[in-house]
Amino acid sequence: QFDNENYIPNPVAYLEGLYVQKKYDQLKEEAARMVADPRYSSINFEQKFNDTGYSLMKRDQVEAAVFVFQLNTELFPDSANTWDSLGESCLKAKQVNKAKEYYKKAIELDPDGWVGENARAMLKKIETGN
C-alpha cells in the first residue's frame with residue numbers, strides 16, 4: 001500500500017519554494033529526506049539539482065547556483081559531476097580557490113573519466129588564465 005503521509009507530488013517545486021522562502025535549513029533536511037525516501041526513487045535528484053544550478057547560472061543568479069550545487073555535493077558526495085559543477089559555479093562567483101579545491105575533488109573521484117578530464121582542463125585554464 002502506498003503511504004501518502006508526507007508525500008510531496010512535485011518535490012522539486014516544493015524544494016524551490018523553500019529556497020524562495022529562505023528556509024535553507026528546512027530545504028536541506030527535506031532534500032535529504034526525499035533523496036533517501038524510496039517513494040521518490042524515480043526522480044533523479046542529482047540531475048534535477050544540477051539542471052537547476054545551471055539554469056540559475058544562466059540567469060546570473062550565481063549565489064543561488066552555488067547554494068544548489070553545494071547542496072548537491074552534500075547529498076551526492078561521491079559524484080564527481082556534483083563537485084565539477086560546484087567548481088564551475090564558484091569560478092563564476094570569483095571564488096577561485098574554492099573552484100580549484102572542488103575541481104581537484106572531481107578529479108579524485110573520476111581520475112580517468114570525462115568529468116575528471118573536464119576538471120583538469122578547467123584547472124589548467126585557471127592556472128594559465130586562458
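The values are calculated or read from the model by the stated rules, or taken from the named source; none is laboratory data. Every value quoted in this text rests on a predicted model; they were computed, and no experiment measured them. Please note: Cβ atoms are built from the backbone with ideal geometry, for glycine as well, and neighbour counts cover all protein chains shown. Only protein heavy atoms, including side chains, enter the accessible area calculation; ligands, DNA and RNA are left aside. Shrake-Rupley method; radii C 1.70, N 1.55, O 1.52, S 1.80 Å.
Here ASN10 meets each of (1) open to solvent by 60 Å² or more (accessible area, probe 1.4 Å); (2) closer than 30 Å to ASN130 by Cα with one exception, condition (2). Figure legend. Inter-residue proximity from the range 27-51: first residues more than 15 Å from PRO9 (Cβ to Cβ), second residues in a helix (DSSP H, G or I) and of a type in the set (Asp, Glu), beta-carbon distance below 8 Å, spacing 6+ or different chains. Indicated pairs: LYS28/GLU74; ALA32/GLU74. In the set (1) of a type outside the set (Gly, Ala, Ser); (2) more than 16 Å from the chain's Cα centre (by Cα); (3) not in a helix (DSSP H, G or I), the condition left unmet by ILE43 is number (2). Selection within the range 27-48: residues that are among the acidic types (Asp, Glu) and surrounded by 14 or more Cβ atoms within 10 Å (Cβ to Cβ). The member of this set that is farthest from GLN61 (Cα to Cα) is ASP37.
Within the range 13-26, the set of residues being in contact (Cβ under 8 Å) with a residue 24 or more places away in the chain and exposed (fewer than 14 other Cβ atoms within 10 Å of the Cβ) comprises TYR24 only.
Restricting attention to the range 86-94, does a residue exist that is at pLDDT 95 or above and under 23 Å from ALA13 (Cα atoms)? Taking every residue of the range 86-94 in turn, at least one turns out to be at pLDDT 95 or above and under 23 Å from ALA13 (Cα atoms). The set of residues in the range 98-130 that are modelled with pLDDT under 95 and either in a helix (DSSP H, G or I) or surrounded by 13 or more Cβ atoms within 10 Å (Cβ to Cβ) (or both) comprises GLU127, THR128.
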